[in-house]
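What follows is a short report on a single structure.
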């Protein structure tokens, strides 16, 4: 391919980046090449100083590269590791460019630049397997290799790393150990983006401290200041921002449902008063997004569920004691709508479905440990209890769900309906239903004092 033409407005910055890029490339004769890909300038938010040079392998190599068989971690999985007192964030200099490639691979990765053809000696941006290759190497380094033990309380997504510890000394030890491993591997950090021994840091777009995860106020401000969408593109941008903070807001899917409907293929983009109300409601909910508490293996878990004629609700909580009183401290809460057929279930069956759905979703938290299941349906205490007292007297679906739940270690506790306010409201204002019962909105309360006391 021929080189990409560079806009005049960024040519000076492009030249600087290209000269730096050529330090890790070697010039080659284009006549002998089997293939070459275009070098593309990418601007971040229109800032020339944040220009990044990537390679467009879409039409050359990516379709012919076998996918890397590696399970990429999710942001939520990494954030769950960060319960601690102090925090350090590290940023890798150049990320993928720190991985060396052999000569044969470099030949296939050849880049067409305005100054001729260049063969990379380091892994470039643009290869579809590059994130997994880099992540797998970082995981090996953090989790331990060559007989080394894992570095505790360390989260990593590609080139972003966050380290914490239960005490300041433990945090200090974890940081020193990881820095030692990075140095031994010959990996470099971007000093300008590293922050050491902080009480609060920004990581993966969230604000992290000892109390939990907070929504970044810059994100909230961007949402609140957005004008009403004028087309599908601007609406998608707004909903994308809402999705990013959606797990901090209960029932966000219910509030944004009219806006989601506008993006359906069969719908024309016609903005009405209903959409304006939904738009403003989403903004209001974004400004009051809650804090997600850190999950603690040492605290007992409580799963509270409820069902209404239209939906299901669930709340996953820690049971904590404070000043001699016992409270529920929510970690996540969720809701979903019922299918048309499920709305015809008897109420006891809907309550059973709420238990089955919530347990299935939160299984990563609930498996391999005991927990309490709180429900305001007294029949479920007997059906889902250890003896299944009703046995064949219950409906076949309840018995199937009871069999499916037998793999969990839990105790059923009956609570009064008046004590189940959170889940009851979630079930009556459900989020749009999906066949797989996907979690629609998760949120936690940062203050224990505002939660209802257990009976």
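Is it the case that some residue within the range 306-316 is farther than 28 Å from residue 82 by Cβ, part of a helix (DSSP H, G or I) and at pLDDT 85 or above?
No: zero hits.
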Mind checking which residues of the range 278-291 are under 20 Å from residue 337 (Cβ atoms) and surrounded by fewer than 21 Cβ atoms within 10 Å (Cβ to Cβ)? 278, 281
Against the definition (touching a residue at least 12 places away in the same chain (Cβ under 8 Å) and touching a strand residue (DSSP E or B) at 6+ places or on another chain (Cβ under 9 Å)), how does residue 198 come out, yes or no? yes
Give the range 348-373 a look and list any residue that's part of a helix (DSSP H, G or I) and touching a residue at least 60 places away in the same chain (Cβ under 8 Å), or say none. 354, 357, 360, 361, 365, 366
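With respect to residue 402, is the statement that it is in contact with a strand residue (DSSP E or B) (Cβ under 6 Å, 6 or more places away or on another chain) and surrounded by 19 or more Cβ atoms within 10 Å (Cβ to Cβ) true?
Against the criterion (in contact with a strand residue (DSSP E or B) (Cβ under 6 Å, 6 or more places away or on another chain) and surrounded by 19 or more Cβ atoms within 10 Å (Cβ to Cβ)), residue 402 does not qualify.
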Please work out if residue 85 is in contact with a helix residue (DSSP H, G or I) (Cβ under 7 Å, 6 or more places away or on another chain), modelled with pLDDT of 85 or more and buried (at least 18 other Cβ atoms within 10 Å of the Cβ). no
Given (1) in contact with a strand residue (DSSP E or B) (Cβ under 8 Å, 6 or more places away or on another chain); (2) under 16 Å from residue 415 (Cβ atoms), where does residue 379 come up short, assuming only one miss? (1)
Would the range 286-293 turn up any residue that is on the phi > 0 side of the Ramachandran plot and not assigned by TED's automatic domain parsing to the domain that holds residue 244? no
Just to verify a result, which residue in the range 36-75, among those that are under 19 Å from the mean Cα position of the chain (by Cα) and free of Cβ contacts under 8 Å to residues at least 60 places away in the same chain, is farthest from residue 364 (Cα to Cα)? 71
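Scan the range 317-344 for residues that are in contact (Cβ under 8 Å) with a residue 12 or more places away in the chain and assigned to a loop (DSSP other than H, G, I, E, B) and jot them down.
338, 339
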Condition set modelled with pLDDT of 85 or more and part of a loop (DSSP other than H, G, I, E, B), scope the range 104-123, selection surrounded by the fewest Cβ atoms within 10 Å (Cβ to Cβ): answer is 121
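The values are calculated or read from the model by the stated rules, or taken from the named source; none is laboratory data. Quick caveat, the model's predicted, so the values are computed rather than measured. Don't worry about glycine lacking a Cβ; one is built from the backbone with ideal geometry, like all the others, and counts go over all protein chains shown.
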